[in-house]
Amino acid sequence: LLLAYFTFGAFHELAHLLTASWLLPNTSTSPFSSTLLLLNNDTNNNIATLILRIILGRCITIPIIDHVSETTLAIITHSGWIFSIALAILSHILYKKQQQQQQQQ
């Protein structure tokens, strides 16, 4: 259960990071390279610090440019809980489907 807490907490924080990499202006056109750029800016090139902050601290720092709109910031802020709710609903649906299959056997 503790492993699930840390795993899904990390997914929650990564949802913020991926949303920011798609929405924040950047010179790169690839969301993957934008994510790597945000990671490098966040941890001063220390991936261990980033992993510990995501897993244990359940937080991630995203460098924000001054001219970013309030709407963009709100989307980044709310992306974590929206992703968590969607994942919980999906998990529930899969669990119910598995239960129905077991009852039919």
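Once the convex hull of the C-alpha atoms of segment 54-105 is built, how many Å³ does it hold per residue, rounded to a whole number? Walk me through the numbers on the way to the answer.
Values: hull volume 4.7 nm³, N = 52.
With only Cα atoms used, segment 54-105 gives 89 Å³ per residue.
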task = Per residue of segment 55-60, in order, report the coupling 6.51 cos²θ - 1.76 cosθ + 1.60 (Karplus, θ = phi - 60°) as ³J(HN,Hα) in whole Hz, putting x for Gly and Pro.
result = 6, 8, x, 6, 8, 9
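Read-outs: derived from the displayed coordinates by stated rules, not from any lab. Fair warning: this is a prediction, and the values are worked out from it, not measured in the lab.
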